[in-house]
Amino acid sequence: MTVPLIPAVAAALFIAAASPAFAQSAEAAPKKPAASAAKPAQAAASKPKLKRSAQKAVEEVTPIDDDPSITLSDADLAVAKQVYVGELPCELGASVHVRPARRTGLFVVSTKGYRFLMHPVESRTGAIRLEDAKRGAMWLQLGNKSMLMSQKLGRRLADECQSPQQVTFAEELKRNPRPSILDAPTPAAAAAAAQPPDTPASAPAAESATVTFPAGPAAPAASSPTRTN
């Protein structure tokens, strides 16, 4: 006696028909977001920081034309009138731009990647000296050249910078060099320096002076004594 297969076939067909429905329901189920457990602090830390070049670019467009904490005296304002402004070419293809700031007596000194707000300070050597104490930089203007130094970094940012006036002065120094304090004095200058202060410049030195006496009458010849008998 054989068992009828109709119930078994019907069950198999039902399972086959229900399988796609189960698959579709599984795909339609929303997936849990993987980033839901991430903390806000981690998201903030993942933001890229600005590169050094970008930071310098931002600093260059930030206005620094004034600083209320800087006080200038009349002497400082007089020194400020002697500062050369404009685009100054330097060695190794560098350049420094010096322009007056919004406030009289202050200057914006900039080079590639750096910008400073500087003001005159007293100089014992007579050179023109500008400083930016906040950013640790100094601009030194001599007669024939200028240089930009970073005291914070401990190095020069630009050297051998020259305005047209400084170029002219440097050429004049080549044609007519000034004596240096390290040069040896000439013999005449050394002899003059060796004389006492009260000695006239035309008076001969004591070591080279010769004294002569006038000639007196000739002494009589000595006569030999005569014997008498």
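The values are calculated or read from the model by the stated rules, or taken from the named source; none is laboratory data. The model shown is predicted, which means the values in this text are computed figures rather than measured ones. Ideal geometry is used to build each Cβ from the backbone, glycine not excepted, and the neighbour counts take in all protein chains shown. Keep in mind that these areas ignore ligands, DNA and RNA; they rest on the heavy atoms of the full protein, side chains included. Shrake-Rupley method; radii C 1.70, N 1.55, O 1.52, S 1.80 Å.
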Q: Look through the range 77-98, keep the residues that are in a helix (DSSP H, G or I) and open to solvent by less than 70 Å² (accessible area, probe 1.4 Å), and return whichever of them is farthest from Val108 (Cα to Cα).
A: Ala78
Q: Return the pairs, sorted by first residue and then second, in which the second residue is in a loop (DSSP other than H, G, I, E, B) and open to solvent by 40 Å² or more (accessible area, probe 1.4 Å), the first residue lies in the range 144-159 and is in contact (Cβ under 8 Å) with a residue 12 or more places away in the chain and among the acidic types (Asp, Glu), the beta carbons are less than 9 Å apart, and the residues are 6+ apart or on different chains.
A: Asp159/Lys145
Q: Go through the range 140-171 residue by residue and tally those that are open to solvent by less than 70 Å² (accessible area, probe 1.4 Å) and not in a loop (DSSP other than H, G, I, E, B).
A: 15
**Q.** The lone exception for Ala133 - which of (1) open to solvent by less than 40 Å² (accessible area, probe 1.4 Å); (2) over 15 Å from His97 (Cα atoms); (3) among the hydrophobic types (A, V, I, L, M, F, W, C) it fails
**A.** (1)
Q. Looking at Thr199, Thr210, which is the one that is at pLDDT below 55, open to solvent by 90 Å² or more (accessible area, probe 1.4 Å), more than 20 Å from the chain's Cα centre (by Cα) and among the hydroxyl-bearing types (Ser, Thr, Tyr)?
A. Thr210
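Rundown of residues vs (1) out of contact with any Gly (no Cβ under 8 Å at 6 or more places or on another chain); (2) outside any helix (DSSP H, G or I); (3) at pLDDT below 90; (4) open to solvent by 60 Å² or more (accessible area, probe 1.4 Å), yes/no style:
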position: Lys32; (1), (2), (3), (4): yes, yes, yes, yes
position: Ala43; (1), (2), (3), (4): yes, no, yes, no
position: Ser53; (1), (2), (3), (4): no, no, yes, yes
position: Asp66; (1), (2), (3), (4): yes, yes, yes, yes
position: Ala75; (1), (2), (3), (4): yes, no, no, yes
position: Thr104; (1), (2), (3), (4): yes, yes, no, yes
position: Val109; (1), (2), (3), (4): yes, yes, no, no
Q: Tell me, please, whether a residue that is farther than 21 Å from Leu142 by Cα, among the basic types (Lys, Arg) and without any contact (Cβ under 8 Å) to a residue 40 or more places away in the chain can be found in the range 71-90.
A: no
Q: Sort out which residues of the range 113-135 are assigned to a loop (DSSP other than H, G, I, E, B) and either in contact with a helix residue (DSSP H, G or I) (Cβ under 9 Å, 6 or more places away or on another chain) or modelled with pLDDT of 95 or more (or both), and write them in order of number.
A: Gly113, Val121, Glu122, Ser123
